[in-house]
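> Encoded as structure tokens, here's the structure I'll be asking about.
The values are calculated or read from the model by the stated rules, or taken from the named source; none is laboratory data. Only a predicted model underlies this, so the values are computations on that prediction, with no experimental measurement involved. So basically every Cβ, Gly included, is an ideal-geometry build from the backbone, and we count neighbours across all protein chains shown. When the accessible area is computed, the model is the full protein with side chains, heavy atoms only, and any ligands, DNA or RNA have been set aside. Shrake-Rupley method; radii C 1.70, N 1.55, O 1.52, S 1.80 Å.
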Amino acid sequence: GANGPFYFMEMNTRLQVEHPVTEAITGFDLVEWQFRVAAGERLPAVQDDIRFAGHAIEARLYAEDPARDFLPAPGRISLLEMPAEEDGLRIDGGYRQGDTVASDYDSMLAKIIAHGADRAAALACLTKALDDLVLVGPVTNQAFLARVLRSPAFAAGEIDTGFIAQNRGELLPPAATPGPDILAAAVRHVLRDRAAAAAAAAARHSGDPHSPWRVTDGWRSVLAEPETLRFRTGDTELSVVVDSGTAEGGELRSVGSDGDIVILDGADQVRLTLVRPIAEAAAHEASPGTMAAPMPGKIVQVLVAEGDTVSRGQTLMVLEAMKMEHAIVAPADGRIAAVAFAVGDQVGEGVELL
């Protein structure tokens, strides 16, 4: 009855996703309409009351990895800076810096909606927003979305369900070897970290004005030798000889995230690991032949037991995350020394499974 409880059944499954676009060009909030009608009010407008104004485009920012067939990529958000909502830009988001994107739910982080006088204006507004947005932590589709918006075919509206497959080389290019500007930004980051550590050490000894630990200018009693820093990205390792000009200039931003250095170049990110030979050797000695969970999830199958002999490529476990199943396979021929989890166990990203 009119005074009894009411319930929503989502018959149009696009409503909750795209209604901000409708609101941008008509001024009407269809979700509000649902509540008003459900509360017994009349429909707020009829067809003749609706006028379109301009053009709107929405991009959905997801914690997913386009390079891995858009697999969900949960993780902790270590840095988040959304662009200001002005000049036709609207952002509907549910996460803050420090939050963890869990594997239990849909991995959408935010909806970014741009409104302009025409498609070109809305496109320019949305592209700038994606370039300005800073999100470091989980892998996202930010750079992929920016490439889509810059595609001539997309700008012309020449798209269909085969758009990504037909333009894969443009939209999903292979990772490029970091250039000099990326490496210079990484070097600057390392030197800043060192200076901060030296300043902290000096502060701890500030009670003794004559303490040699107060001196943080890098003075040596012998001529300085050029230093070589080694960085790794994916399977590529790069060496940089640091001299007085290596880290000068440049406008790229760098941030630390989970021990790595992330270089931000518009919507693109490059994640570099500073190679520390002693630490890497110790870690290798501590955990040879281990297999880690690629993302948080639940163990749904364990196909081997301690002592089993396995072959390279053999499926050993199956992990369920974000409604999808992921096989954990043997990286080489060998023998199972230990099985750390059972069916039904929840595991975190990077946890040793076998």
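> Out of V304, V343, I need the residue that is open to solvent by less than 30 Å² (accessible area, probe 1.4 Å), part of a loop (DSSP other than H, G, I, E, B) and modelled with pLDDT of 90 or more. Which one?
Numbers: V343 fails: open to solvent by less than 30 Å² (accessible area, probe 1.4 Å).
The match here is V304.
> Restricting to segment 105-125, and then to whatever is under 25 Å from F70 (Cβ atoms) and out of contact with any Gly (no Cβ under 9 Å at 6 or more places or on another chain), can you tell me which residue is least open to solvent (accessible area, probe 1.4 Å)?
S107
> Out of the residues in segment 58-78 meeting the condition of being of a type in the set (K, R) and touching a residue at least 24 places away in the same chain (Cβ under 8 Å), tell me which one is nearest to R90 (Cα to Cα). Let's see the steps before the verdict.
As a first pass, look at segment 58-78 and keep what is of a type in the set (K, R): 60, 68, 76.
Applying the additional criterion that residues be touching a residue at least 24 places away in the same chain (Cβ under 8 Å) yields 60, 76.
Numbers: R60: 12, R76: 24 Å.
Applying the filter and picking the extreme gives R60.
> Same structure, new question: Which of the following residues is touching a helix residue (DSSP H, G or I) at 6+ places or on another chain (Cβ under 7 Å), open to solvent by less than 70 Å² (accessible area, probe 1.4 Å), part of a helix (DSSP H, G or I) and more than 22 Å from E81 (Cβ to Cβ): A202, A146? Quick ask: steps written out before the conclusion?
Details: A146 fails: more than 22 Å from E81 (Cβ to Cβ).
After applying the criteria, what remains is A202.
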